[in-house]
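Comments concern the structure below.
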Amino acid sequence: MEYTTLLLERNGAVTKLTINRPQALNALNSQVLEDLSAAFRALATESETGVVILTGAGEKSFVAGADITQMKDMTPLQAREFAMLGQKVTSLIENLPQPVIAAVNGFALGGGCELAMACDIRIAAENAKFGQPEVGLGVTAGFGGTQRLPRLVGKGKAKEILFTGDVFGAEEALSIGLVDRVVTSAELQDYALNLARKILAKGPVAVRLSKAAVNKGMDMDLANALQYEAEVFALCFASQEQTEGMTAFVEKRKPNFTGK
Ligand code: HXC
């Protein structure tokens, strides 16, 4: 499928989505959000895609936020619609069965930081810049930032970021757990691709169930989450993958996973 504001590139079982509005630093307007929503809905049922990489076009920006030009004259009801559209996209990413890696190639501000936070793993280029500058525009974060940021970096640090609107670099993002790895700009896309391939070499059913267990478990109390983990573990034993993975170990060979 063709998208107006997205480039979709397939590399074996890795699908890369590039937000392609570099003239506006890939700011998220309704069209980008609709395209992202359609793309992630389609990817969810695509068995050929094992891992998704999300990045931005150009060297300067991942996503510099929601589109301020579009938001400027919104009524409260339009603003709510817009927030809910962005939240739909972030939830689609979070609930996508396959892992999603954010390759953060520059500014990840406001809605851009929120989009990256919905991904499973964040790899940042050295030049990446993060922040939730919304308060400087007289608004709060609205694509999940007030909720996912404290879950990632803790309540105090999240409040500091949300209240000050400060923009900070990749190393600081790494030190607070907002990103998982920092690499050079030149290395970023290859690093993300190799990470995707590393994941693809493992059992795809187990990878998908691991994502579900972490995401669902984090919203439960520990006793229920542990019970959920046991159910997910048991479910693995209904897959050919478990038989193949364990048999391969015993036979001292590499497993040949088929995704079943
Ligand atoms: C619309 C944007 C934009 C944005 C950049 N542009 N960010 N357009 N919305 N969020 C446009 C600029 O207007 C400019 O267009 C072009 O991209 C290049 O940007 P410059 O500002 O000229 O580049 P530079 O001087 O390098 O500064 C980069 C920047 C700055 C620091 C990232 O652009 C900036 O501060 N952008 C806004 C960041 C922000 O506040 N994001 C949060 C938005 S609120 P022209 O046509 O002039 O060339 C948000 C809310 C989410 O995300 C929740 C909603 C419900």
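A few remarks follow.
- For Lys129, the lysines whose Cα comes closer than 27 Å to its Cα, not counting residues fewer than 8 places off in the same chain, are Lys16, Lys60, Lys72, Lys88, Lys155, Lys157, Lys159, Lys198, Lys211.
- Net charge of Cβ neighbours under 14 Å - reference Gly12; Lys, Arg +1; Asp, Glu -1: +1
- Sequence of Ser61, Ser210, Ser175 from largest to smallest accessible area, 1.4 Å probe: Ser175, Ser210, Ser61
- Angle between the chain longest axis and helix 204-218 axis [Cα atoms, degrees, rounded to 10]: 50
- 0 to 90° range, to nearest 10: angle between helix 188-200 axis and the chain longest Cα axis: 30
- q = 0.17 Å⁻¹: log10 I(q)/I(0) that the Debye formula gives for the chain, counting C-alpha atoms only: -1.34
- From phi via Karplus (6.51, -1.76, 1.60), per-residue ³J(HN,Hα) for region 2-13 in Hz, x at Gly/Pro: 9, 10, 5, 10, 10, 9, 10, 10, 10, 9, x, 8
- Whole-number percent relative contact order across the chain, with pairs defined as alpha carbons under 8 Å at least 6 apart: 15
- Modelled spin-label separation between Gln78 and Glu46, with each label point placed 7 Å from Cα along the Cα-to-Cβ direction: 3.3 nm.
- For Glu187, Glu94, Glu114, the ranking by accessible surface with the largest value first comes to Glu187, Glu94, Glu114, using a 1.4 Å probe.
- Positive-end residue of Thr55, Val100, Met74, charge dipole of region 1-143 with Cβ unit charges: Met74
- Comparing mean-square fluctuations of Asp221, Asp120, Asp67 from a GNM of the chain with C-alpha springs under 10 Å, the top value falls on Asp221.
- The chain: angle of helix 222-236 to the longest principal axis, Cα-based, in degrees nearest 10: 50
- Distance from region 4-56 to region 205-221 (C-alpha centre basis), Å: 23
- The chain: most fluctuating residue of Ala103, Ala238, Ala206 per GNM, C-alpha cutoff 10 Å: Ala238
- Entry for region 127-236 at q = 0.21, 0.22 Å⁻¹: log10 I(q)/I(0) = -1.12, -1.13, Debye formula applied to identical alpha-carbon scatterers, no solvent contribution.
- Exposure check, 1.4 Å probe, all protein chains in place: Leu7 carries approximately 90 Å² of accessible surface.
- Here the accessible area of region 164-260 is 59 percent carbon and sulfur, with a 1.4 angstrom probe and all protein chains present.
- Helix content alone sets the calculated 222 nm mean residue ellipticity of the chain: runs of n ≥ 4 DSSP H residues at -39500 (n - 2.57) each, divided across all residues, give -15000 deg cm²/dmol.
- Listed residues Lys159, Lys16, Lys60, most fluctuating in the chain (Gaussian network, C-alpha, under 10 Å): Lys159
- Entry comment: accessible area of region 34-175 is 43 Å² per residue, from protein heavy atoms only and a probe of 1.4 Å.
- What a 1.4 Å probe finds exposed on region 33-113 is 56% carbon and sulfur by accessible area, rounded to a whole percent.
- Once you reduce region 155-183 and region 67-142 to the center of their Cα atoms, the two points are 15 Å from each other.
- Nearest-10 value in Å² for the accessible area of Cys119, using the 1.4 Å probe: 10
The values are calculated or read from the model by the stated rules, or taken from the named source; none is laboratory data. What you see is a predicted model, and the numbers here were worked out from it, not measured in a lab. Neighbour counts run over all protein chains shown; Cβ positions are idealised from the backbone, glycine included. We work out accessible area using only protein heavy atoms, side chains counted, and drop any ligands, DNA or RNA first. Shrake-Rupley method; radii C 1.70, N 1.55, O 1.52, S 1.80 Å.
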